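Data block below; observations after.
The values are calculated or read from the model by the stated rules, or taken from the named source; none is laboratory data. Keep in mind that what you see is a predicted model, and the values were worked out from it rather than measured. No Cβ is skipped: glycine too gets one built from the backbone with ideal geometry, and neighbour counts run over all protein chains shown. Surface accessibility is based on the protein's heavy atoms, side chains included, excluding ligands, DNA and RNA. Shrake-Rupley method; radii C 1.70, N 1.55, O 1.52, S 1.80 Å.
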Amino acid sequence: MSFTNTMANLWYNMGFSAFTWQQGVMIGISLILLFLSIGKKFEPFLLLPIAFSMLLVNLPLTGLTQEDGLFYYLSFGVTANIYPCLIFLGIGAMTDFGPLLANPSCLLLGAASQLGIYVTFIVACFAGFTPEEAAAIGIIGGADGPVTIYLTATLANHLLPIIAVAAYSYMALVPLIQPPLIHLLTTKKERSIQMHQLRAVTRKEKIIFPIVVILFTCLLFPAIAPLLGMFMLGNLLRESGVVNRLSDTAQNSMMNMFTLLLGLSIGSRTSGNEFLQLDTLVILGLGLLAFCISTIGGLLFGKLMCVITRGKINPLIGSAGVAAVPMAARIAQVEGRKANPTNFLLMHAMGPNVAGVIGSSVAAGFLLSIFGVF
Amino acid sequence: MNIVDCTILAGIGILTVFAVLFVLSIFIRLISFTVNLQNPWKKHAKASLSGHGNLQLPAIPNTSCGLCRQYQVDDHTAAMVMAIVAEEMNLPLNEITFISIREVCLQEENHI
């Protein structure tokens, strides 16, 4: 073997020899996402692993996504919808349905906040996407990560990286997206409305509720059973009070593990050639539209409920109907406090917030049933 | 699928979500009604609420949150009291109902 051959082989096996401009752009994006997650703390638990695996897969010749590569096996958990379901188990274990059970009309606010899903579905169809792709884009409006990934992996797997990044980015940007819409659609008088303290909810109610939800919704939409089933199982682990160790594991260790795996898997699908297309920008725009319309839907329905109840419901809690838990509820609390310093809306806003999780699951179940995947 | 079909599908979709969640809200009311029907706590709570209602205490405007009345206690102190009670009872705050928080001065304590 001559010196020239050795040097040529060495060069061809170096990443520099196969580096493309698309990979350069993607590495740039991954660095921005790393900055946002570490420097600005925007959804760091998910954005950090996504950004880092985005960086890794866009380094040439690493073989990470090839058939025997690490990410090839890891991403199986997303394509087979394992990670979203198990993350929902953890979210269920962390969720307190108390505020929702104390004020069941919050469920309607959660329903109104799904408006963005369907409006965006129409717009996306009009923009030339297939109905399956349009459904996957629209679900961003539900502001629920696992539901978005579940539906997209099932209906439009090729759009998964773009839609997942868009969904989590907008969820991280809730504090920037929602306040202007809130100020646009509500008056200071409405925002300063104080709500009555919620009634106490018994343990029995909290135990019966997840079982009833599962029986009813999964008989209606069996397609959503894996996701909603895990969510309600997680909640039952928490509320039953007899399996504290399992509840603790679901809330902490398991949740952290699958969040990491999910982030790595999504990031591993963001290779430059697939990601850098015009469609990416269109999907990001449509995702923002979905998010805004969902917030508007919740706020307008909140205003309606405010009128019907003669001022007993603060319309702000409608904005928490998007399922970005608990960020959207915090925004309602912050804006309520700004209008009236003695206003405590957090627990009231948690009702529509968790209703939004159920609402987005129902919306996803409807779309899955219509497009005949199961 | 044309735009009309998409619109019809979307309309049915949002109506379905509303219908499902409305039915769930009815289920919640039924569960609450059934469970609280034989719940002695409720009667006890009602009795204790009415008992507090008879107290002649001075009302201070703009210092109350919901039904929790604060008497000569600022928001910060009230929040501290709530947090301490929750910690001592080992219960989350949303499971405790505070009817009123009032400052007990030393003179009153001596009377008691």
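Worth a mention:
- Hits in the range B:1-12 (condition: within 7 Å of another protein chain (Cβ to nearest Cβ) and in a helix (DSSP H, G or I)): B:3, B:6, B:7, B:9, B:10
- Screening residue A:15 on (1) at pLDDT below 90; (2) more than 24 Å from residue A:277 (Cα to Cα) shows it passes everything except condition (2).
- Among the residues here, residue B:15 does not qualify as more than 26 Å from residue A:103 (Cβ to Cβ), surrounded by 12 or more Cβ atoms within 10 Å (Cβ to Cβ), within 11 Å of chain A (Cβ to nearest Cβ) and at pLDDT 75 or above.
- Residue A:193 passes every criterion in (1) more than 26 Å from the chain's Cα centre (by Cα); (2) within 22 Å of residue B:33 (Cα to Cα) apart from (2).
One line per residue, one yes/no per condition, for (1) open to solvent by less than 30 Å² (accessible area, probe 1.4 Å); (2) polar (S, T, N, Q); (3) touching a residue at least 40 places away in the same chain (Cβ under 8 Å); (4) within 14 Å of chain B (Cβ to nearest Cβ):
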residue: A:194; (1), (2), (3), (4): no, yes, yes, yes
residue: A:205; (1), (2), (3), (4): yes, no, yes, yes
residue: A:240; (1), (2), (3), (4): yes, yes, no, no
residue: A:243; (1), (2), (3), (4): no, no, no, no
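- Where residue A:137 falls short, out of the listed (1) assigned to a loop (DSSP other than H, G, I, E, B); (2) closer than 22 Å to residue A:265 by Cα; (3) among the β-branched types (Val, Ile, Thr): (1)
- Helices (runs of 4 or more DSSP H) lying entirely in the range A:262-366 (those with 3 or more residues that are open to solvent by 10 Å² or more (accessible area, probe 1.4 Å)): A:272-275, A:278-308, A:327-339
- Among the residues making up the range A:69-122, those that are within 14 Å of chain B (Cβ to nearest Cβ), small (Gly, Ala, Ser) and assigned to a helix (DSSP H, G or I) are A:98, A:102, A:110, A:111, A:112, A:116.
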